[in-house]
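Here is the structure we will look at, set down as structure tokens.
Nothing in this text is a laboratory measurement; each read-out follows from the coordinates by a stated rule. Predicted model only: the values in this text are computed from it and were never measured. Every residue, glycine among them, receives a Cβ derived from its backbone with ideal geometry; neighbour counts consider all protein chains shown.
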Amino acid sequence: MRHYAILRLLLACFFLYFAWPVIPTAVTSTAVLFWGMWLVLFLLVIAANSATILRIMEPPSMEQERKRQLQRL
């Protein structure tokens with residue numbers, strides 16, 4: 001189910017669209033740490049969903065198609 005991965009990528013980009021203007025205004029070390037961790041999480045989301053779209057790894061078990069389950073039965 002690659003469309004879930006595409007939707008997650010679009011949602012992550014939507015969040016980045018709103019966060020990007022605020023990131024350079026971080027002055028305290030806490031704010032810089034927060035935005036740094038947020039960007040790391042963003043990159044992990046992008047990498048994981050890109051791997052799913054490119055079929056480098058299998059999607060989570062909840063999103064796998066039912067065909068495989070029916071074949072096992």
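Against the empirical curve 2.2 N^0.38 Å, the C-alpha radius of gyration of segment 1-59 lands at a ratio of 1.32. Most tightly packed first, judged by the mean number of other beta-carbon atoms within 10 Å of their residues, the peptides 22-34, 5-17 read 5-17, 22-34. Between the beta carbons of residue 6 and residue 40, assuming R0 = 25 Å, the FRET efficiency works out to 0.70 to the nearest 0.05.
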